[in-house]
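K.L.:
There's a structure below that I have some questions on.
Only the coordinates and a few stated rules stand behind these numbers; no lab work does. Since the model is a prediction, treat every value here as computed from it, not as a measurement. Please note: Cβ atoms are built from the backbone with ideal geometry, for glycine as well, and neighbour counts cover all protein chains shown.
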Amino acid sequence: MEKLKLTRPWEEVTEKLKEVNVGLTDDDLRYIPGNEEELLTRLARKMKKTPADIKVWIESVSVNEGFAG
């Protein structure tokens, strides 16, 4: 799995992700750079999506100025 390509700090991205999915917790969004696969797998299971879909979603939230979509 490729590294996440974030344009904003992870803390900002997590806040936006929680705006969209209020069911996400800090534990769900725990991220250690280099451990992308663990994060993506955990979120994929919780959100019933593929890790690839989660990666695209996180990266799109990272580049958007406004509401996470």
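K.L.:
Evaluate the following for residue 24: is it assigned to a loop (DSSP other than H, G, I, E, B) and either in contact with a Lys or Arg (Cβ under 6 Å, 6 or more places away or on another chain) or among the aliphatic types (A, V, I, L, M) (or both)?
P.N.:
Yes, satisfied.
K.L.:
Could I ask something else about it? Got a sec? Which of 46, 16, 55 is in contact (Cβ under 8 Å) with a residue 12 or more places away in the chain, touching a Phe, Trp or Tyr at 6+ places or on another chain (Cβ under 9 Å), surrounded by 13 or more Cβ atoms within 10 Å (Cβ to Cβ) and part of a helix (DSSP H, G or I)?
P.N.:
That would be 16, the only listed residue that is in contact (Cβ under 8 Å) with a residue 12 or more places away in the chain, touching a Phe, Trp or Tyr at 6+ places or on another chain (Cβ under 9 Å), surrounded by 13 or more Cβ atoms within 10 Å (Cβ to Cβ) and part of a helix (DSSP H, G or I).
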